[in-house]
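The values are calculated or read from the model by the stated rules, or taken from the named source; none is laboratory data. Bear in mind that the values here come from a model prediction, so they are computed numbers and not experimental data. Don't worry about glycine lacking a Cβ; one is built from the backbone with ideal geometry, like all the others, and counts go over all protein chains shown.
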Amino acid sequence: MEEITKPAANANAIKPVSDTLLVMKKDTNKIEMVKGVSEDGSLQKVPPKEMKENDQLIRVDKHGDLFSNFFSNFYRQLKNPSQFNFFKVSEYDAVNTAKDLQQYIDQASPEEKEKLKEYEVLPNNTNPLKNQNTMENNTETQEYRFQPEQIDWKTMEKFGLNQEKLEKMNALDPLLRGFKTNTLIPVTINLGTAVSKMDVRLSLQTADNGEVAVNLHGIRKEPNYNLKFLGHEFTDEDKKNLKESGNMGRVVDLVNPKTDEIIPSVISRDRLTNELVAYRAEYMKIPDEIKGIKLDDHQKQTLLEGKPLYLEGMTSKKGELFDATVQFNADKRYVEFIFNNNQNQQQSQQQNQSQQQTQNNDGEAPRVFRGKELDDAQYDKFKAGQTVYVDGLVDGKGKAYQGYITFNKETSKTDFSFTNPNKLKEKAQTSEDHKTQKAVNSDGKTNEATKNLKEPLDSKQQQPANKQQEAQQKKPVRSKGRKM
């Protein structure tokens, strides 16, 4: 059999063209070619004029997902990456592109330089800086991660939900963008022997088999800070920060339970469900500017470390100056405002209450009231319109309180009272009986036969009960004269 030999490698063979990176240091506006990252995290680069034939530039696969993974790892290895702007260009004409770009920057106006941000790259986003100059880096600026046809609608139907219902509740859009729903969603879970109703936040996640799964995030009273969270043991300061601001305030190493990979992450508390949420530090995106305040490298680094940052002289949408603390939130995945702790707790409570008042459009009684889930006995009475006592509620200042709730079927809203409304009605009825008795006994306003009785009648009594009362009422009434 004739042996098939492989052709010898040709040194002059055409190599597949890849992409490479250009970098501009922000303080110098100088464009250079990227060679790699040194062991100490310093960026290895070379000016285009000094580029030699044997110089090896960093090579990046042109495929979108592979580039995203590569650049995320590359960015994470860098020391102070926020000092640089990166641009992805073709390896074939990288030198000429670098020279042209340098010439453009040298002559460009500030407005023209801003347009360059459309071509800048950051981890997991080829054009991220279109959204980086404002605090509105939320679900509205995130590209769609899922499509409606990928959702398991049969499972959704088991929860009492469908596409039309989610759209009406403005819950479908954040789901498709890869976020949790912005509000609590009432769901029904049929377990065969029992039907459970609860309020949850929903999210979508790609399972190991590639299918899109629906996740339910239920409400809990508070996180269990005594247990390790993905390998992290909370300190007293961690617990305090999570309870007060909702953000832990530092980057810690977490362990992926499936791969044992150590992942530097920030941790926040979901203020609607009290679920702990982690977010990879390498994915954190910090804006260049917040409400008119341009952030320097030190301020950006503070936020990248998960710490709070106090800013003065910001400008609101109404043109008013204000001061506030900002911090990256792992649950929201962007930098949020933190004005004060009490206000955050009050806003969270008001949001829960508002959601509970508006979620009953279908006339169903909610299973959860102000974060407190009713047990089966309570819920049966509550949905029947009876008054139910609930305890373990927490106000905006973190103090526990209790009270009575009644479901109003006409308005589909929950009425709350600190005192039992049934006893109030009984007290009111007793007061009315007392007035009647007073009118009967003292004022003679009811039955004429009881008008002159000296002995008090029983409650609601209008006729003499015995002969003694009857004889007493027949005696003539003596008029009492006034002393002069």
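Do the conditions hold for GLY392, that is, is it in a loop (DSSP other than H, G, I, E, B) and modelled with pLDDT under 85? Spelling it out, it is not the case that GLY392 is in a loop (DSSP other than H, G, I, E, B) and modelled with pLDDT under 85.
Look at GLY306 and say whether it is surrounded by fewer than 18 Cβ atoms within 10 Å (Cβ to Cβ) and on the phi > 0 side of the Ramachandran plot. Walk me through how you get there before you give the answer.
Details: surrounded by fewer than 18 Cβ atoms within 10 Å (Cβ to Cβ): no; on the phi > 0 side of the Ramachandran plot: yes.
Taking the combined requirement at face value, the residue does not satisfy it.
Can you go through GLN103, GLN77 and tell me which one is of a type in the set (S, T, N, Q) and either crowded, with 19+ Cβ neighbours inside 10 Å or without any contact (Cβ under 8 Å) to a residue 40 or more places away in the chain (or both)?
Working: GLN77 fails: either crowded, with 19+ Cβ neighbours inside 10 Å or without any contact (Cβ under 8 Å) to a residue 40 or more places away in the chain (or both).
None of the other options fit; the residue is GLN103.
Among the residues of region 311-347, those identified as at pLDDT below 85 and crowded, with 18+ Cβ neighbours inside 10 Å are ASN344, GLN345.
Within region 210-242, if we keep just the residues that are of a type in the set (Lys, Arg) and in contact (Cβ under 8 Å) with a residue 40 or more places away in the chain, the residue that is farthest from GLY178 (Cα to Cα) turns out to be LYS221.
Against the condition of a type in the set (Phe, Trp, Tyr), more than 30 Å from ARG370 (Cβ to Cβ), outside the structural domain of TYR75 (by TED's automatic domain parsing) and touching a residue at least 40 places away in the same chain (Cβ under 8 Å), how does TYR283 come out, does it pass? Please lay out each step first, then the result.
Details: of a type in the set (Phe, Trp, Tyr): yes; more than 30 Å from ARG370 (Cβ to Cβ): yes; outside the structural domain of TYR75 (by TED's automatic domain parsing): yes; touching a residue at least 40 places away in the same chain (Cβ under 8 Å): yes.
It is true that TYR283 is of a type in the set (Phe, Trp, Tyr), more than 30 Å from ARG370 (Cβ to Cβ), outside the structural domain of TYR75 (by TED's automatic domain parsing) and touching a residue at least 40 places away in the same chain (Cβ under 8 Å).
Of the residues making up region 242-272, those that are of a type in the set (A, V, I, L, M, F, W, C) and within 21 Å of TYR310 (Cα to Cα) are LEU242, MET248, VAL251, VAL266, ILE267. Cβ-Cβ distances below 9 Å connect the following pairs, each with a first residue in region 316-327 that is more than 16 Å from GLU289 (Cβ to Cβ), a second residue that is among the basic types (Lys, Arg), and a separation of six or more residues or different chains: GLN327/LYS307.
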